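A.B. asks: Please find one structure pasted underneath; my questions will follow.
The values are calculated or read from the model by the stated rules, or taken from the named source; none is laboratory data. Because the structure is a prediction, the values reported are computed rather than measured. Heads up, the Cβs are rebuilt from the backbone with ideal geometry, glycines too, and the neighbour counts pull from every protein chain shown. Protein only, heavy atoms only, side chains kept; ligands, DNA and RNA dropped before computing areas. Shrake-Rupley method; radii C 1.70, N 1.55, O 1.52, S 1.80 Å.
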Amino acid sequence: MMIVAGQSQSAYFLEEELPSTERSHTLSVLVDNEPGVLARVVGLFSGRGYNIESLTVSEIEHASHMSRITIVTTGRPPVISQIMHQLGRLVPVHKVVNLTWAGDALERELALIKVCGKGEIRDEALRLAQAFNARIVDATLDSYVFEITGAPADIDRFVGLMKDCGLVELARTGLAALSRGRNGITSAPAVAG
Amino acid sequence: MTRQMTGAEMVIQALIDQGVDTIFGYPGGAVLPIFDELFQQEEVRHILVRHEQGAGHAAEGYARSTGKVGVALATSGPGATNMVTALTDALLDSIPMVCITGQVPTTLIGTDAFQEADTVGITRPCTKHNWLVRRIEDLPAILHEAFRIATTGRPGPVLVDIPKNIQFQTGTYENCKGKALTQYHPAVKGPEAAIREAVELMAAAKKPILYTGGGVINSGPKAVALLRDLVKLTGFPITSTLMGLGAYPASGRNWLGMLGMHGTYEANLAMHDCDVMVCIGARFDDRITGRIDAFSPKSKKIHIDIDPSSINKNVVVDLPIVGDVGSVLEDLIAAWTARKPMQDKAAHAAWWKQIDGWRAKRCLTYRPSAEAIMPQYAIERLYALTKDRDTYITTEVGQHQMWVAQYYGFEEPNRFMTSGGLGTMGYGLPAAIGTQLAHPGALVIDVAGDASIQMNIQELSTAVQHNAPVKAFILNNQYMGMVRQWQQLLHGNRLSHSYVDSQPDFVRLAEAYGAVGIRCSKPADLDDAIEEMIRIDRPVLFDCHVVSLANCFPMIPSGKAHNEMLLGTDVTDEEIETAIGAAGKVLV
Ligand SMILES: Cc1cc2nc3c(=O)[nH]c(=O)nc-3n(C[C@H](O)[C@H](O)[C@H](O)COP(=O)(O)OP(=O)(O)OC[C@H]3O[C@@H](n4cnc5c(N)ncnc54)[C@H](O)[C@@H]3O)c2cc1C
Ligand SMILES: Cc1ncc(C[n+]2csc(CCOP(=O)(O)OP(=O)(O)O)c2C)c(N)n1
Ligand SMILES: [Mg+2]
């Protein structure tokens, strides 16, 4: 990772922070699936003033009670590295990997989108859904529910278009992300820094 | 070897298996089964306190003065919430502590039951780790894991919340001491390449400094001995944080005194001007760094710390070495000895000359008085009269705490128990009791302030009950002196609510508790009064009347750099009031 000399990360140093290298990072965190583990992770972010843009959690290995938490957060590199170390010292955390550092990770999200309308608007919604590879999972005479899977930015675009096509409501899962190539999280280098 | 027993018996058995001889606690409905077991055995001594916060701080004092884990026990609800301050204190100061709390039965959790509180929820951010035990099968492993987590890596408080029905249930106990229940295994050994690089940097240094902290004491006696070897081997000057005092002896030739906001002139200027800084088990706290962008601008920084999150948290360093101080110093000294570096003798001599110039400022000089006791003088006398004894010092929080750090010379580690990170008024008296019970023959003194001592004064009753002859040496300035000093610095000397009106008569208060009260207000009487305090083999409240308006100097005003210190003897009231700019005022 990059360390920029002379940059401060003190909570007490109240000078304007340089926004220059702030960007969003996708962290993959392997944890014991035990009561309170999510509260520990979320509490760490709120308690230390880090932000969470998206958080997804689900058990991935039932036998060994392991869950994978995918967190999207923003910050400058030293802050991101501090977040990773803070996560790393939680007792139930096995591993923290920064998929953004690892480069070009696979990031997917699923959304369910309900639109309502008749006539031209309804036809337009259907045409756009086809163009975006969204599936129809429910239909009535004046409504559709589309299911779309894709990179968050693609979903953002589709949702944006649906606003003009009678968007009623939507639900998004948050991010699921993996690195490319043959290595899994257990063989990836641990908390970098 | 496994045995059948109840949950409450398991708690006691696990304590015994962990080698715990003393715990501090307070009973209540949700821990009655554990108290019943305590009653029926003799291996674990229970010290009944008067407030659960006192139990927590007593456990901290016990832990810091022995290097062992401190154990506290409290009931559910208010018992647990009263423990929160002590847990937070232990977390910030890296004190290994295990706290056991009772909880309402599992069947009642979530129903707003009598004395129900979400203890694990409340204490999650103020413990290193915590558990609510839901099944008797899990209890033995969790109890032992609590001790392992409290003591390994960066030490800290661990809480185990045990519902009352689990305490009654019978299950299989196994002594799983040392077995890991979780995957928590912090690295102890530092990477070889980094250690070799550190040797190169240190060998080439022209203006080196060792900046040491509480991590050396956390690491233990081996680390302390190695640190002293390192100073001998390299000839480097050494300073320490408040939390690290005693790791290197204050009488040592290379000692510069404490650094930081109330540190010495020589320590802070040497930090500012050094070219190689070796930070050993310290965490670049804001009391140390002052203005971050002006902090030691010309130095290469090496940072040895067991917690990766301590590294680059506040200050970006050039060479991090993650590992235990003892282990890393051992490897570092071996590498140094093998390399036999040629140091730049002329540069080192010039550096020491510069340091001696700063020392010549004699920054701890204060204006003496023949009529009234100067607080600095009181600490000097206390030091002179106790240094040749087996003495342990605790403090409360405020000016008196800083004067102890400045004027009391600590020669050994684990002799100074103070609340550094949280700055908890009310820490000192219970911590002294915990210390005294761990060291029965020793002289244990809580140097207190007149305001702080009242925050946990009820523990005097604990000291009387358990024959803990602790001495509370109160520097009574009739003010919350530290607050008053900041109001003078920041708020036009408008002393809003920092005067302690209606003080109790401390002598009669002591007597009411069955302790001994001593009062002294003349410098000429002070030595005799201190000697009398030492002679009394009972708890003492010593009401030492000192001048009211003394300020604690030197001081780096907040928002300022190390080379912008205020010194005591030549500073005027006006300089004090204008020392902190607008940007500094928002800092704490
Ligand atoms: C009123 C007031 C004024 C204060 N003024 C000052 C002041 O002027 N100067 C001053 O120094 N302090 C001052 N303090 C104290 C200050 O707030 C901090 O508590 C203190 O500076 C922190 O000490 P430390 O850096 O040694 O860290 P600690 O809190 O002792 O932390 C220890 C560090 O060592 C690491 N560590 C632990 N165990 C090991 C191990 N086995 N191996 C390697 N690393 C380990 C930990 O991860 C941590 O980073 C003041 C406090 C109060 C209340
Ligand atoms: C529990 C708690 N409340 C408030 C403070 C803020 N505070 C810091 S020092 C201080 C005054 C301490 O006064 P005293 O004990 O008389 O010590 P002195 O500074 O006069 O030596 C206060 C109120 C604190 N540190 N802890
Ligand atoms: Mg006072």
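A.B. asks: Using the Cα centre of the protein assembly as shown as origin and beta-carbon charges of +1 (Lys, Arg) and -1 (Asp, Glu), tell me which of A:21, A:121, B:41 is placed farthest towards the positive end of the dipole.
C.D. replies: Highest projection toward the positive end goes to A:21.
A.B. asks: Along the charge dipole of the protein assembly as shown, which of B:440, B:295, A:110 sits closest to the positive end, that is, farthest toward it, with unit charges on the beta carbon of Lys, Arg, Asp and Glu (+1, +1, -1, -1)?
C.D. replies: Checking the options against the dipole of the protein assembly as shown, the answer is B:295.
A.B. asks: Using Cα-only point scatterers and the Debye equation, what is log10 of I(q)/I(0) for the range B:410-470 at each q in 0.26 Å⁻¹, rounded to two decimals?
C.D. replies: -1.16
A.B. asks: Taking every eigenvalue of the Cα gyration tensor of the range A:106-176, multiplying by 5 and rooting it, what semi-axes result, largest first, whole Å?
C.D. replies: Ellipsoid semi-axes (Å, largest first): 21, 11, 10.
A.B. asks: Where both residues lie in the protein assembly as shown, what percent of DSSP beta bridges are antiparallel, nearest 5?
C.D. replies: In the protein assembly as shown, DSSP labels about 45 percent of beta bridges as antiparallel.
A.B. asks: Another question, if that's okay. Taking only Cα atoms, what is the 0 to 90° angle, nearest 10, from helix A:77-88's long axis to the longest principal axis of chain A?
C.D. replies: 80 degrees
A.B. asks: Taking a quarter of the surface of the Cα convex hull of chain B, what do you get in nm²?
C.D. replies: Averaging across all directions leaves 27.0 nm² for the Cα convex hull.
A.B. asks: On to the next question. Mind ranking B:179, B:128 by accessible surface for me, highest first, 1.4 Å probe?
C.D. replies: Highest to lowest solvent-accessible surface, that is B:179, B:128.
A.B. asks: Can I ask one more? What are the semi-axes of the equivalent ellipsoid for the protein assembly as shown, taken as the square roots of 5 times the Cα gyration tensor eigenvalues, largest first, in whole Å?
C.D. replies: So the three semi-axes of the protein assembly as shown are 49, 35, 26 Å.
A.B. asks: Right, another one. Charges only on Cβ, +1 for Lys and Arg, -1 for Asp and Glu: so what's the dipole of the protein assembly as shown about the Cα centre, in debye to the nearest 20?
C.D. replies: 1680 debye
A.B. asks: Here's another thing I want to ask about it. For a quick protection proxy, order the peptides B:225-238, B:309-322 by their average other-Cβ count within 10 Å, most packed first.
C.D. replies: The packing order, highest mean first, is B:309-322, B:225-238.
A.B. asks: Something else about it: Given Cβ point charges of +1 (Lys, Arg) and -1 (Asp, Glu) and nothing else, what value in debye, to the nearest 20, does the dipole of chain B about its Cα centre take?
C.D. replies: The dipole magnitude comes to about 1460 debye.
A.B. asks: When Cβ neighbours within 10 Å are restricted to other protein chains, what is their mean count per residue of peptide A:33-43?
C.D. replies: 2
A.B. asks: Give the range of the longest stretch in chain A that excludes all GluC sites (Glu not before Pro) found in loop regions by DSSP and having at most 16 other beta-carbon atoms within 10 Å.
C.D. replies: A:54-193
A.B. asks: Next question, about the same structure. Would you mind telling me the antiparallel percentage of the DSSP bridges in chain B, rounded to 5?
C.D. replies: Counting DSSP beta bridges with both partners in chain B, the antiparallel share is about 10 percent.
A.B. asks: Can you give me the long-range amide H partners of residue B:71? Hydrogens built in the peptide plane at 1.01 Å from N, cutoff under 5 Å, separation of 5 or more residues or another chain.
C.D. replies: B:24, B:98
A.B. asks: If you don't mind, another one. For the range B:192-359, give the magnitude of the charge dipole about the Cα centre (Cβ charges: +1 Lys/Arg, -1 Asp/Glu; no others), in debye to the nearest 20.
C.D. replies: Result for the range B:192-359 is approximately 480 debye, rounded to the nearest 20.
A.B. asks: Provide a whole-number value for the mean count of partner chain Cβ atoms within 10 Å of the Cβ atoms in peptide B:308-318.
C.D. replies: Mean partner-chain Cβ count within 10 Å for B:308-318: 6.
A.B. asks: From the P(r) of the range B:2-174, can you give the percent of Cα pairs sitting at distances over 26 Å?
C.D. replies: Roughly 17 percent, once rounded to a whole number.
A.B. asks: Residues with amide H under 5 Å of residue B:300's amide H, sequence separation 5 or more or different chain, H placed in the peptide plane at 1.01 Å from N; which?
C.D. replies: Those qualifying (amide H under 5 Å, at least 5 residues apart or on another chain) are B:276, B:277.
A.B. asks: In whole percent, what relative contact order does chain B give with Cα contacts below 8 Å and a gap of six or more residues?
C.D. replies: Result for chain B is 14 percent.
A.B. asks: What's the ranking of B:442-448, B:361-367, B:289-295, B:531-537 by average number of surrounding C-beta atoms within 10 Å, highest first?
C.D. replies: The packing order, highest mean first, is B:442-448, B:289-295, B:361-367, B:531-537.
A.B. asks: Hey, another quick one. For chain A, find the longest principal axis of its Cα atoms and tell me its angle to the long axis of helix A:37-47, 0 to 90°, nearest 10.
C.D. replies: 80 degrees
A.B. asks: Picking from B:363, B:407, B:22, whose Cα lies most toward the positive end of the charge dipole for the protein assembly as shown (charges on Cβ: Lys, Arg +1; Asp, Glu -1)?
C.D. replies: Positive-end residue among those listed: B:363.
A.B. asks: Where both partners of a DSSP beta bridge lie in the range B:2-174, what percent of those bridges are antiparallel, to the nearest 5?
C.D. replies: Antiparallel bridges: around 20 percent, rounded to the nearest 5.
A.B. asks: Sticking with this structure for a sec: I need the fraction of alpha carbon pairs in chain A separated by more than 29 Å, rounded to a whole percent.
C.D. replies: Roughly 38 percent, once rounded to a whole number.
A.B. asks: Determine the gain in length on full extension of the stretch residue B:225-residue B:106; use 0.36 nm per residue of separation and subtract their C-alpha separation, reporting nm with one decimal.
C.D. replies: Length difference between fully extended and current span is 38.0 nm.
A.B. asks: Accessible surface of residue B:26 in the full protein assembly, 1.4 angstrom probe, to the nearest 10 Å²?
C.D. replies: 80 Å²
A.B. asks: Work through the residues other than residue B:277 whose Cβ is under 11 Å from its Cβ and net out their charges, Lys, Arg +1 and Asp, Glu -1.
C.D. replies: In short, +1.
A.B. asks: Please give the helix A:120-131 orientation as an angle from the longest Cα principal axis of chain A, in degrees from 0 to 90, rounded to the nearest 10.
C.D. replies: 50 degrees
A.B. asks: How high is the FRET efficiency between residue B:362 and residue A:121 when r is their beta carbon distance and R₀ equals 60 Å, given to the nearest 0.05?
C.D. replies: Once the sixth-power term is evaluated, E becomes 0.10.
A.B. asks: Right, here's the next one. Over the residues of the range B:375-449, compute the C-alpha Rg and express it relative to 2.2 N^0.38 Å.
C.D. replies: Output field value: 1.00.
A.B. asks: While we're here: Which whole number gives the average, over all residues in B:181-193, of C-beta atoms from other chains lying within 10 Å of the residue C-beta?
C.D. replies: Mean partner shielding for this stretch: 2.
A.B. asks: Follow-up. So what's the convex hull volume per residue for the Cα atoms of the range B:375-552, in Å³?
C.D. replies: Once divided by residue count, the hull of the range B:375-552 is 107 Å³.
A.B. asks: Here's a follow-up. Straight-line reach from residue B:301: which aspartates and glutamates have a Cα under 18 Å away, not including same-chain ones fewer than 8 places off?
C.D. replies: By straight Cα distance, residue B:301 reaches B:192, B:197, B:200, B:273, B:275, B:285, B:286, B:293, B:318, B:324.
A.B. asks: A further question on this structure: Which residues among the range A:32-67 fall inside the zone where the amide N is under 15 Å from a point 7 Å beyond the Cα of residue B:134, along Cα→Cβ?
C.D. replies: Within reach of a label on residue B:134: A:32-40, A:59, A:65-67.
A.B. asks: Now for a different question. In Å and on Cα atoms, what radius of gyration and Dmax does the range A:23-102 show?
C.D. replies: Just the Cα atoms of the range A:23-102 yield Rg and Dmax of 11.8, 37 Å.
A.B. asks: Here's something else I'd like to know. For the range A:79-140, take N as its residue count and report Rg(C-alpha) divided by 2.2 N^0.38 Å.
C.D. replies: 1.95
A.B. asks: Now a separate question. Could you give the semi-axes, largest first, of the ellipsoid that matches the range B:383-423, computed as the square roots of 5 times the alpha carbon gyration tensor eigenvalues and rounded to whole Å?
C.D. replies: Ellipsoid half-lengths, sorted descending, are 19, 11, 8 Å.
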